[in-house]
1. For a protection proxy built on the mean count of beta-carbon atoms within 10 angstrom, sort 49-60, 98-109 highest first, please.
2. Output the 0 to 90 degree angle, nearest 10, between the alpha-carbon long axis of helix 13-24 and the longest principal axis computed from the alpha carbons of the chain.
3. For the range 1-129, what is the largest minus smallest coordinate of the Cα atoms on each principal axis, given in angstrom and ordered from greatest to least?
4. Using only Cα atoms, find the angle between the long axis of helix 111-134 and the longest principal axis of the chain, and express it within 0 to 90 degrees, rounded to the nearest 10.
5. I'd like to know which of Pro72, Ile55, Phe118 lies farthest towards the positive end of the charge dipole of the chain, counting +1 on Cβ of Lys and Arg and -1 on Cβ of Asp and Glu.
6. Would you please state which residues of the range 35-63 a label at Val94 would reach in this model, taking the label point 7 Å out along Cα→Cβ and a backbone N cut-off of under 14 Å?
7. So what is the calculated 222 nm ellipticity per residue for the chain, using -39500 (n - 2.57) for each DSSP H run with n of 4 or more, over all residues, to the nearest 500 deg cm²/dmol?
8. Give me the extension gain from Asp48 to Ala149: residue separation times 0.36 nm, minus the current Cα-Cα distance, reported in nm with one decimal.
Amino acid sequence: MNFLFLCTGNSCRSILSEAVFNHLAPHGFKAISAGSQPTGRLNPDALDLLRRHGIAVDGYASKSWHDLPLTPDVVVTVCGNAAGETCPAYLGDVVRTHWGLSDPSEVQGTPAEIAAAFEATYAIVLARIGALFALPLAELAGDRAALKAALDRIGAC
């Protein structure tokens, strides 16, 4: 199964989700990320966070949803703006879910407060990806409605 993590800028939350997913993914699962209005750069605090947690950051880039190397089976929006946008028609009839995340890059304060915001976002992403991989995905792959319901439950936590 291929998952697309979608955010507006594709610089922070969607990149964190893509990287954590790929770090934990069993064979046959892959994540990509994209943005409807990509910034063209990755958030350095997000990259530092991933490195601190032992997650490789090579190969990740801020890219448009019009430049995807594959068609996803599941689209997960991770920011409020992306959740309300109409995905490109070429994505087809994919399973869609929303796992909203506050944007840690918008936090202002001391370096410790900013780092804490990134860690909190990472903890949510890690918990959601862990819950995803705990699902009986082989069974759910054949039942789109059940897969969507399970994904929606994860995003509600």
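1. 98-109, 49-60
2. 70 degrees
3. For the range 1-129, the Cα spread along each principal axis is 43, 31, 24 Å.
4. For helix 111-134, the angle is close to 20 degrees.
5. The residue sitting farthest along the positive end of the dipole is Pro72.
6. Under cut-off, by backbone N: 35-37, 63.
7. Result for the chain: -12500 deg cm²/dmol, rounded to the nearest 500.
8. Here the answer is 33.0 nm.
Every read-out reported here was derived from the displayed coordinates using simple, explicitly stated rules and does not represent laboratory data. The structure presented is a predicted model; accordingly, all values stated were derived computationally and were not measured. Note that we place each Cβ from the backbone using ideal geometry, even for glycine, and neighbour counts take in every protein chain shown.
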